[in-house]
1. Could you check, for the range 103-115, whether at least one of its residues is in a helix (DSSP H, G or I), at pLDDT 95 or above, closer than 15 Å to G244 by Cα and in contact with a Cys (Cβ under 9 Å, 6 or more places away or on another chain)?
2. Report yes if T169 is within 20 Å of L117 (Cβ to Cβ), among the β-branched types (V, I, T), buried (at least 16 other Cβ atoms within 10 Å of the Cβ) and within 18 Å of the chain's Cα centre (by Cα), otherwise no.
3. Could you look through the range 63-89, keep only residues that are surrounded by fewer than 16 Cβ atoms within 10 Å (Cβ to Cβ) and in a helix (DSSP H, G or I), and pick out the one that is nearest to the chain's Cα centre (by Cα)?
4. Condition first: within 23 Å of G257 (Cα to Cα), at pLDDT 95 or above and in a strand (DSSP E or B). Can you find one or more residues in the range 168-176 that meet it?
5. Please determine whether any residue of the range 128-140 is over 30 Å from E194 (Cβ atoms), among the β-branched types (V, I, T), modelled with pLDDT of 95 or more and part of a loop (DSSP other than H, G, I, E, B).
6. Between a residue in the range 39-62 that is outside any helix (DSSP H, G or I) and any residue that is surrounded by fewer than 17 Cβ atoms within 10 Å (Cβ to Cβ) and among the acidic types (D, E), which pairs come within a Cβ distance under 7 Å, given they are 6 or more apart or on different chains?
Amino acid sequence: MQPRPAPGPETSADPGAFGADELDALCAYFDSHGYATLRGAVDEDDLAAAESELVRAQDDLVGGGLDTRHATTILDDPDATVEGRRFAHYVCFATQVSPLADRLVHLPAFVEVSRRLLGPDAWLLDYEQFGIVYQDARPGPGSGYTRIGWHTDHQSGPHLDVWPGVAFTIHFDPTSPANGFLRVLPGSHLVGTEGMPEGFERVPGEIAVYQERGDVLFHHADLWHSAARATADGDAAVRRHLRGSWHGGTRLPVGHGTGDFVKNARR
């Protein structure tokens, strides 16, 4: 693998985390590292209100109150259980059932970062494939979503013309070894995928990217990343977030579906 590029500018006590008034530095850091965190841009009341709507939507999906379009058997296990009860780890098209979540993903700072990184014609993939997804990772004997192996987002659709892309993740829970965290290889978005492990192996140079509640993590579609499994049990092990992506290529047509989605990451 080629040497990683030199780090970009850092203006925060937490490397890679920037405020809404530091977008130039955030974008410079993203360009060299392949990821960056926007911190302090989400109002706590807005975050809590969206969280409540999404938890209700998750309960409605399990109870049969949502259209099956909001479920997925590609990413989730339809037989998943938590504490003996049926559980949905994913709510697809979450912004279509949570107006407050939709408002979150359209906050001006989020849109500004995405368009700075991809150009003024960047578009949000909230209407096709899985849309914007609410994810709830937690361990347990019946869980269907605890960790994800090494992958890039680009690998899920290498034949598509939607690229380049930037994913974003809005965190409802701070991350740690207790509830799992993102593993990334800084700069890997610049060097291709040769040598990427097929599972969960340690990669020389990888780091843990911990997030605070309300943080928004942006990462490049070609960045190597993986999610570690929680080490705790119960409530301390819960890791929930809202995830979607912006793109700079050709828009997917309405009705494209998920038939050609490549499930490239091990669970």
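The values are calculated or read from the model by the stated rules, or taken from the named source; none is laboratory data. The shown structure was predicted, so the numbers you read here are calculated from the model rather than taken from an experiment. We place every Cβ from the backbone using ideal geometry, glycine too, and count neighbours over all the protein chains shown.
1. yes
2. Details: within 20 Å of L117 (Cβ to Cβ): yes; among the β-branched types (V, I, T): yes; buried (at least 16 other Cβ atoms within 10 Å of the Cβ): yes; within 18 Å of the chain's Cα centre (by Cα): yes.
For T169, the condition - within 20 Å of L117 (Cβ to Cβ), among the β-branched types (V, I, T), buried (at least 16 other Cβ atoms within 10 Å of the Cβ) and within 18 Å of the chain's Cα centre (by Cα) - is met.
3. Once the filter is applied, the top-ranked residue is R69.
4. Applying the first criterion (within 23 Å of G257 (Cα to Cα)) to the range 168-176 yields 168-169.
Pick out the ones that are also at pLDDT 95 or above and you get 168-169.
Narrowing further to those that are in a strand (DSSP E or B): 168-169.
Checking the range 168-176: at least one residue is within 23 Å of G257 (Cα to Cα), at pLDDT 95 or above and in a strand (DSSP E or B).
5. Within the range 128-140, one or more residues are over 30 Å from E194 (Cβ atoms), among the β-branched types (V, I, T), modelled with pLDDT of 95 or more and part of a loop (DSSP other than H, G, I, E, B).
6. These pairs meet every condition: R39/E212.
The rows are residues; the columns are (1) in contact with an Asp or Glu (Cβ under 6 Å, 6 or more places away or on another chain); (2) not small (G, A, S).
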residue: F93; (1), (2): no, yes
residue: L100; (1), (2): yes, yes
residue: H106; (1), (2): no, yes
residue: V162; (1), (2): no, yes
residue: G180; (1), (2): no, no
